[in-house]
Every structure is written in C-alpha cells, then in structure tokens.
Amino acid sequence: MNLAQSLLTALKDHGARQVFGIPGDFVLQFFKVVEESGILPLHTLSHEPSVGFAADAAARISCAPGVAVVTYGAGALNMVNPVAAAYAEKSPLVVISGAPGSHEGRAGLLLHHQVKRLDSQFEIYREITCDQALLDDPARAPGRIARVLRSCIEQSRPVYLELPRDRVFDQCSPVQRLPETGFDPEAVSACADEIMERIESASRPVMMVGVEVRRFGIESRVEELARRLHLPVVTSFMGRGLLAGSQVPVLGTYLGLTAHPDVGRPVEESDCLLLFGVTMSDTNFGVSEGRVNYRNSILAVDRSVSMGFHRYGNIPLAAVVDELVRRVSERPSRAEGRATEYPRRLEADDEPIAPVDIAKAVNDLFARMGRMPVASDCGDCLFTSFEIENTEIVAPGYYASMGFGVPAALGVQAATGKRPLVLVGDGAFQMTGWELGNCRRYGWDPIVIVMNNLSWEMLRVFQPESKFNTLEDWHFADVAAALGGDGVRVTTRRELAAALERAAATRGRFQLIEAMIPTGAVSPTLGGFVGALKRRQRQ
C-alpha cells in the first residue's frame, strides 16, 4: 500500500470513522486517495475553522479520534483556533496537513502559503498539539504514525501529521498499533486504598464528573461506581451532559455562586469531593469564590491523582475507576439528593420569547419525542442549554470560541447518524452558520435555533454602555431555502412552540428557527454567572 493508504487504514484501526476537510494544492493527492480508496468517508465543508469544529465534535461525541485534513499554510493556519480549542478541552483530534514536496524548498524561492520558514507551520502546531510527526520518510512513517495516534488516544488531545505532497504515493508498510503505555498496578492499588479510606471516613462525600469521563469512554464504569457507593453526583460546567439517561440521578451542574442550592451546597460542604476528569479552570470553579475546600478533594485528571499533599503520577483515570469498582460492593443507601428539575410546559401565548422559553420548548419536545444530542455555541445559548434536560451535548464550555455550534452539529450527525439540535446566537451564526449549505449533499437535517437578539448579548451584559455590541438584522430564516433547508422567524412563544413542532416532524432538510429575543433578555443562569464574576472582580 502507499503511505496515504497506510495512514488512512491506521486512522480507521484507531477508531476514526470519517474525514472532514477542505482540499488545496498541497493536499490534493492525499484527497484523491481518501476519495478513491473509500477507507474513510470524506465530508468537505466551506471554511477551515468549521472543518476543525466538526472533526472536534465528532471526536467528542464518539469518544474516538476525529480527523481534519487541510492544505499547507492558508488552510492549516486558518484552523489554528479550533485546534487550540480541542487542546484546551481535551478532544482527540487528528490534524493532517499537506506540505511542500521534499525538494521544493531548495530552489531559493519562497513557496506560496509559506510564512517565515518551511517548518514554521510545524512549530506553530507544536504549541497546540500533544504530539507531531513529519511523514517525509516512508520507512519511518509507520512508527511515527503509530506513536502519534497513541498519544492522541491516551492523552485525548490533538495531534499533528504533516505529509509532503511528493510522498503520498510512496510504498509504505502497514501501521502496527502500539500497546498502551504501561503503569504500575501497585501504585493504582495504593491510590485506590487511600481514596477508599477518605470516602469511608467522610460524612458528606460527593462525586463531580468532568470531560475526561466522556473522552476516555468510562461513563458506564463511573456510573456503576457512583451507584455502588450511593454518592451524590454533579457535573462540572465542561462535563454538562455526562451520565445522561443513566440510572444515577445527576443533581445538576456546578456553577459556583450561580449553582442551584441543591447542587452548590453538597459540593461546597463536602468533606470528600471526588473530582473525576474535571478540568480545574475558571469556568468550572472561578465563581465559587473559595467555597470549595480543595484540601478535602481528590483530583483524578491528566493521568494523575492528587489528594491533599499526595500525588500519584502516571495513573490513568480508567485504571483508578476500574480498581475502585472492583473493590466496592453495594453500600447501604445514603442521602443522594434530588435531581435537577428542568423548566417545562411552555405557555403558548403571544408574549415575547425569553431564553428560558426556548429551554422549556426543547424540554417539552424531548418529553414527547425523546432526547436529541445538542450542539451549542458559547454565550447565552450555552447557558440556556443548562436549563435543558440532561442529554448528550458538545459545546465550547471552557475555551468559549464562537462559531462552534453549527459545524459541531454537522460533525455530530456525521459521526452518530443522530439528528442534532443546535443552539446558536446570531453573532456566532454570522461566522459559521452558512455551513448549513453543506447539509443537502450529505443528508444532514439538524434543527437549528438561532437566538437572535441583534446583539453580542453576553458581552453587553458585561459592558452595557458599548454600542459596538449591537448587530444588524441579517434575517437568517430568509436564506434557509437558498441553502437547502426550511426557515421561519418567530417572535412569540406561540410561534416558537409551533415552529419547533413542525421542525421535529420534518426530516431530510435542515430546519432553521430564528427566535427573536428582545435585547437585554438573558437566561437566569447567564445573569447569575455574570453577576458572580463582577462581584469577584470588584474584590
């Protein structure tokens, strides 16, 4: 087989199920192999950032590598922001970039798409990926590919492969998958002993689950551990959607001072807080204002476990959870708290639409037709999603890059075949909403709710006096038909309910609901979150 076929086969063997990309001259030959080999299906989009977001979302929803393929320079550098987001939020994204041929840089001329040096792009990607390789030697390529893909899976972070265009058809051996990186079972056992001692001596233990629980595919084992221990369970901000549909009641999502008392109180009063796969970021804990006692916490993340002044290194989260499940039998029930009550029963009247009305309408829909995966952008649409019934969700909860929602939904449907629901603001839709025009080619039919308040409303909440937060009315619903979908603008709760009902009943075309929201109307969660941040900043 040639080098490109060897690479594609290795990607498939490591769990990748599709390729997202945009062709360019330095990667045309690789695209030819992708298309003609049929090893992985190819989905092309319209702008490189969307390629990155779609592949990232596919990786998140399937717990397997997502693949983004772009050309050298103008393509790969245009995708830096989505790759940085995937790194920050621990998503196993594989970036493949074409590159100039091995001899092209020797003529003394600058090559088009070149920035400073021919290897400048490689050095830039070194900063936003956990492993990298230049595939300029077909004899060494299989080993390099195997190493990089192992890093992607074990660290659940992006990796980078650069393929010179004159090496695509070189003969190459198959890639042999490397064994998992070893760890010390005795260290895992000792760590589990100490965790159990702390749980046994605690009177108010609580488990908080974060993104690594999903990334490493251990939700079912974490659920079993929580069930056996009868622990109250909450999700972190970034872990929203974890344990959706499980038998363990999830109290809700911890948001510091904005958390519901039934969620915030157990976390902040816990004398043994188990943090499994939780990223210690400002969005997860920044508005707790010192209410969480980290000395009483057990943090298992980034292949290590920290307890007080103790730290166990090179211990995978899955190994810790497996060992705890193995040694814990069913325990007597203790008070676990009540799961969050989500707002429901939208009143279909002629009142204007508020963000919470969208949550009510979606919850009512889920109650009638079953839950759908949700792709949310950042801003108030993300905070509104916290009022929606716990379901699978992909969202930029920490890195908070606008433009994620629509291309992420396309990645979700490509990866799972499930119809997604999208929550996106008008500002983010201006960036990447036009990717909906690609739905017709692939049979994708997401339901897209554009929360249009003619404003960058989250920024206005922070700085209401600034006029630059005001946006023009682009009438998004009017362009849906030209893009191959159906669109409707709604201004009242009655219209919203009817539009969502029609959208759910219509398959085969994307459905765009442009929900007009009065400027200044924000979700209760966003209002509380911003208020808590402002209070902290004044201290």
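Quick check for you: which residues of the range 474-509 have the amide N under 19 Å from the point 7 Å beyond the Cα of residue 367 toward its beta carbon?
Correct set: 493-505.
Show which lysines lie in cross-link reach of residue 360 when reach means a straight Cα distance below 22 angstrom and same-chain residues fewer than eight apart are skipped.
The qualifying lysines are 418.
Enter the Cα centre distance for the pair the range 177-195 and the range 475-524, rounded to the nearest angstrom.
50
Work out, step by step, the length gained on full extension between residue 262 and residue 326: first 0.36 nm times the residue separation, then minus their alpha carbon distance; give nm to one decimal. Walk me through the intermediate numbers first.
Numbers: separation 64, 0.36 × 64 = 23.04 nm, distance 3.03 nm.
Working it through step by step, the gained length comes to 20.0 nm.
Provide the FRET efficiency to the nearest 0.05 for the residue 466-residue 173 pair, computing r from the beta carbons and using R0 = 41 Å.
With a Förster radius of 41 Å, E is 0.10.
In whole Hz and in residue order, list the ³J(HN,Hα) couplings for the range 463-473 that follow from phi through the Karplus curve 6.51 cos²θ - 1.76 cosθ + 1.60, θ = phi - 60°; x for Gly and Pro.
Along the range 463-473, the couplings run 9, x, 7, 7, 6, 5, 7, 7, 10, 6, 8 Hz.
Given R₀ = 60 Å, what would the calculated FRET efficiency be for residue 473 paired with residue 102, taking r from the Cβ atoms and rounding to 0.05?
Details: r = 52 Å, r/R0 = 0.87.
Here the calculated transfer efficiency is 0.70.
Give me the percent relative contact order of the chain, please, defined on Cα pairs under 8 angstrom at least 6 residues apart.
13
Where does each of 59-72, 233-246, 428-441, 113-126 land if you order them by average Cβ count within 10 Å, highest first?
59-72, 233-246, 428-441, 113-126
Suppose we keep just the DSSP beta bridges with both residues in the chain; what percent of those would be antiparallel, to 5?
The answer is about 15 percent antiparallel.
Sequence gap at least 6, Cα distance under 8 Å: using those rules, report the relative contact order of the range 185-327 to the nearest whole percent.
27
Just to confirm my numbers, what's the Cα centroid distance between the range 20-40 and the range 346-401 in Å?
The two parts, judged by their Cα centres, are 37 Å apart.
Could you tell me the extents of the chain's C-alpha atoms along the three principal axes, largest first, rounded to whole Å?
So the three principal-axis extents are 68, 63, 45 Å.
Looking at 113, 218, 410, which one has the Cα that reaches farthest to the positive end of the dipole of the chain (charges on Cβ: Lys, Arg +1; Asp, Glu -1)?
Looking along the dipole axis, the top candidate is 218.
Per residue of the range 425-437, in order, report the coupling 6.51 cos²θ - 1.76 cosθ + 1.60 (Karplus, θ = phi - 60°) as ³J(HN,Hα) in whole Hz, putting x for Gly and Pro.
Coupling constants for the range 425-437: x, 5, x, 5, 5, 4, 6, 10, x, 5, 5, 4, x Hz.
Rg to Rh ratio, the range 336-388, alpha-carbon atoms and Kirkwood radius?
0.99
Rule-based calculations on the coordinates, nothing more; no lab input. Not measured: the values here are computed from a predicted model. Positions of Cβ are generated from backbone atoms using ideal geometry, with glycine treated the same way; all protein chains shown enter the neighbour counts.
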